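Below is one structure, written out as C-alpha cells; the observations come after it.
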Amino acid sequence: MIWNEKIECMSREDMRALQSKNLIDLVNRVYNNVPFYRHRMDEMGVKPSDIHSIDDIVKLPFTYKTDLRDNYPFDLFAVPMKDIVRVHASSGTTGKPTTVGYTLNDIENWKEVLSRCLAMAGITSEDVIQVSYGYGLFTGGLGVHYGAENMGCTVIPISGGNTRRQLQLMSDFGSTVLACTPSYALHLGDALAEHGYSLEDMKVKIGIFGAEPWTENMRLELEKKWGIKAFDIYGLSEIMGPGVANDCPAHTGLHVHEDHFYPEIVDADTKQPLADGMEGELVFTTLTKEGIPLLRYNTRDLSTLNREKCTCGRTSVRMKKITGRSDDMLIIRGVNLFPSQIEHVLLEMGETSAHYLLYVDKENNLDTLELQVEMDESNLMDTIRDLQMLSNKIQHALNSAIGLSVKVTLVEPKTIARSEGKAVRVIDKRKMTPNP
Ligand code: DLL
C-alpha cells in the first residue's frame with residue numbers, strides 16, 4: 001500500500017522542482033531567523049539569493065552535532081518558543097543532550113512520513129501496533145505512536161522494557177505489529193517459551209525495527225523466529241526522529257521521504273559530495289522543518305544512495321541499510337552513547353583516574369556494558385567496602401547521566417594498557433553478521 005502516491009511516486013523532475021522550491025524557502029528562513037546560520041553563510045560569502053535550485057545545496061554550510069551542543073538548548077530554533085509545541089532530546093557528545101523542537105506543522109509532517117513508513121510495511125487501520133520504543137525525550141515511542149494513530153491503527157503505548165508484560169499484552173490484546181529495536185525483538189522472541197507462550201498465542205505479523213544498525217541476516221532470523229515480515233525504519237532526532245526512511249517489501253534499500261529530508265552522501269574525510277552508489281557519510285537537509293531546520297546535517301551514518309525506480313513503484317531515492325558510523329558513537333539497547341560521555345562523568349566525579357575501558361557485549365540478545373576504570377593513585381582504598389561504595393557511586397552517576405546501567409569494576413592504577421596512538425577506549429564484542 002502506498003500512503004501518498006502523489007509524492008512517493010512523483011517523477012524525478014517534479015520532485016527536484018519541489019525540493020528546489022522548498023530549499024529556497026528554507027535558506028531564507030534560516031538566514032533570517034537563526035543567527036548561527038546567518039554567520040556561517042556570511043563567513044562563506046553565500047546569500048539566500050545565491051540559491052536557485054536544489055543543485056545549489058553544495059554551496060551551503062554543513063551542520064554537525066557539535067553545532068547543536070554549542071547552541072544548547074534552543075539557539076538553533078527558527079521560531080519563537082510560543083510556536084514550539086514539543087521538545088525531544090538525544091545524547092550529545094558530553095554531558096549535554098542535543099535538543100530539538102517541533103512546531104504543530106512539524107508534528108503534522110512527522111505523522112505523515114511515519115504513516116508512509118507504516119503503509120510501506122503493509123500496515124493498515126486494521127492493525128494493532130505495540131509500540132515498544134521508549135516514550136519520553138527519545139523520539140522513538142511518541143514518533144511511531146502519532147504516525148500509527150494518524151493511520152487509524154490501534155496503538156498500545158507500552159514503551160520499552162518489562163518483557164513479561166510485553167508478551168502478556170501482545171497475547172491478550174492481539175498485537176499484529178511489533179515496533180521496537182531489532183535486538184529487543186530478538187530478546188522478546190527468545191523469551192516467549194520461558195514465559196509460557198508460543199507463537200500460536202501471538203498474532204504479530206509485521207515488525208517495524210530500527211534505532212540501531214542491524215543486518216539482512218538479522219532480518220531473516222527475526223522473520224523466522226516470529227513468523228513475521230520485518231522492516232527497517234531509520235531516523236534521528238536532529239532530523240525528525242523515526243520516519244526519515246523505511247524499507248518496502250522489496251528490501252532493496254530504505255525509501256527516504258525526500259520531499260522533507262534531502263539526502264546527500266559525502267566523503268568522510270574531504271566532505272565532498274559523492275556520486276550515487278558510493279559509500280560515505282549521510283547528510284540531510286530538512287526542507288520543510290520549522291522548529292529547528294538544519295542545513296546539510298552530517299549524521300555520521302555510513303550509507304549509499306540509489307535513485308532508480310523501485311519495483312514497488314516508488315520513485316523516491318533509497319538509502320542502503322546503514323553499514324556503520326564514521327565516529328565513535330555506540331548504540332546500546334537503542335540508546336546512543338559516546339565514550340566521551342563516560343569520560344565526562346568520571347572527570348566530573350574526580351575520584352578515579354580518567355583511564356578506562358568500556359566492554360560492550362551481548363547477553364540473551366541484549367547489550368551489556370562493563371566499565372573498567374583505574375583507581376587514582378592518590379585515592380587508593382583499603383577496604384572492599386570502600387571499593388564497593390565507590391563503584392556504586394560511579395554506577396549511579398553513569399546511570400543518571402546516560403540512562404544505561406553499567407557494571408563498574410575498579411582496577412589498580414596503570415593496569416589498563418596505554419596506547420601509543422589513539423587511545424582504545426571501547427572493546428565491542430557484539431558480533432554483527434555481515435549482510436549477505
Ligand atoms: O534512534 C530515532 C529512531 C527511533 C529511529 C525509532 C528508528 C526507530 P536517535 O536517538 O537520535 O534517533 O539516534 C539516531 O540511531 O544516526 C543511527 O546511527 C541510528 N539509527 C537509527 N535508526 C537506524 C536504523 C533514533 N534503522 C541514530 N539502522 C542514527 C541503523 C539506525 N541505525
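Among the residues of the range 292-300, are any open to solvent by 30 Å² or more (accessible area, probe 1.4 Å) and at pLDDT 95 or above? Yes, that holds for at least one residue. With respect to the stated conditions, Lys111 fails to be open to solvent by 20 Å² or more (accessible area, probe 1.4 Å) and farther than 24 Å from Asp301 by Cα.
Take Asp259 and decide whether it is assigned by TED's automatic domain parsing to the domain that holds Arg38, at negative phi, part of a loop (DSSP other than H, G, I, E, B) and free of Cβ contacts under 8 Å to residues at least 40 places away in the same chain. Spelling it out, it is not the case that Asp259 is assigned by TED's automatic domain parsing to the domain that holds Arg38, at negative phi, part of a loop (DSSP other than H, G, I, E, B) and free of Cβ contacts under 8 Å to residues at least 40 places away in the same chain. Looking at His145, is it assigned to a strand (DSSP E or B) and open to solvent by less than 30 Å² (accessible area, probe 1.4 Å)? It is false that His145 is assigned to a strand (DSSP E or B) and open to solvent by less than 30 Å² (accessible area, probe 1.4 Å). Among the residues of the range 174-215, the ones that are among the acidic types (Asp, Glu) and either within 12 Å of the ligand (Cβ to nearest atom) or within 24 Å of Gly152 (Cα to Cα) (or both) come to 1 in all.
Only one of the numbered conditions (1) touching a helix residue (DSSP H, G or I) at 6+ places or on another chain (Cβ under 8 Å); (2) assigned to a helix (DSSP H, G or I); (3) over 19 Å from Leu76 (Cα atoms) is violated by Met10, and that is (2).
Applying the condition of being open to solvent by less than 100 Å² (accessible area, probe 1.4 Å) and touching a residue at least 60 places away in the same chain (Cβ under 8 Å) to the range 362-386 and asking which residue is nearest to His396 (Cα to Cα) yields Asp367. On the stretch given as the range 82-96, residues that are open to solvent by 30 Å² or more (accessible area, probe 1.4 Å) and under 19 Å from Thr286 (Cβ atoms) total 4. Within the range 233-247, none of the residues are away from the ligand (no atom under 14 Å from the Cβ) and either farther than 24 Å from Tyr64 by Cβ or without any contact (Cβ under 8 Å) to a residue 24 or more places away in the chain (or both). Every condition in (1) closer than 21 Å to Arg314 by Cβ; (2) away from the ligand (no atom under 11 Å from the Cβ); (3) part of a helix (DSSP H, G or I); (4) of a type outside the set (Asp, Glu) holds for Thr124 except the one numbered (3). Per the listing Leu305, Leu347, the residue uniquely over 17 Å from the mean Cα position of the chain (by Cα) and not assigned by TED's automatic domain parsing to the domain that holds Ala423 is Leu305. Exactly one residue among Thr315, Thr288, Thr270 is among the hydroxyl-bearing types (Ser, Thr, Tyr), in a loop (DSSP other than H, G, I, E, B) and more than 24 Å from Ser20 (Cβ to Cβ), and that residue is Thr270.
Report yes if Ile322 is in a loop (DSSP other than H, G, I, E, B), within 16 Å of the ligand (Cβ to nearest atom) and buried (at least 17 other Cβ atoms within 10 Å of the Cβ), otherwise no. Yes: the conditions hold for Ile322.
Here Val408 qualifies as surrounded by 17 or more Cβ atoms within 10 Å (Cβ to Cβ), more than 26 Å from Ser303 (Cβ to Cβ) and β-branched (Val, Ile, Thr).
For the range 69-82, a residue qualifies if it is in contact with a Phe, Trp or Tyr (Cβ under 9 Å, 6 or more places away or on another chain) and of a type outside the set (Asp, Glu), and the qualifying residues are Asn71, Leu76, Ala78, Met81.
Do we find a residue being of a type in the set (Lys, Arg), within 29 Å of Arg318 (Cα to Cα) and at pLDDT 95 or above anywhere in the range 21-41? So far as the range 21-41 goes, yes, one or more of its residues are of a type in the set (Lys, Arg), within 29 Å of Arg318 (Cα to Cα) and at pLDDT 95 or above.
Exactly one residue out of Gly291, Gly277 is more than 14 Å from the ligand (Cβ to nearest atom) and on the phi > 0 side of the Ramachandran plot: that is Gly277.
At least 1 residues being open to solvent by 20 Å² or more (accessible area, probe 1.4 Å) is the threshold, and among the strands (runs of 3 or more DSSP E) wholly inside the range 155-251 those reaching it are 229-236.
The values are calculated or read from the model by the stated rules, or taken from the named source; none is laboratory data. Owing to the predicted nature of the structure, the values given are computational and were not obtained by experimental measurement. Cβ coordinates were reconstructed from backbone atoms using ideal geometry, including for glycine residues, and neighbour counts include every protein chain displayed. Each accessible area value is taken on the protein alone, full model and side chains, heavy atoms only, with ligands, DNA and RNA left out. Shrake-Rupley method; radii C 1.70, N 1.55, O 1.52, S 1.80 Å.
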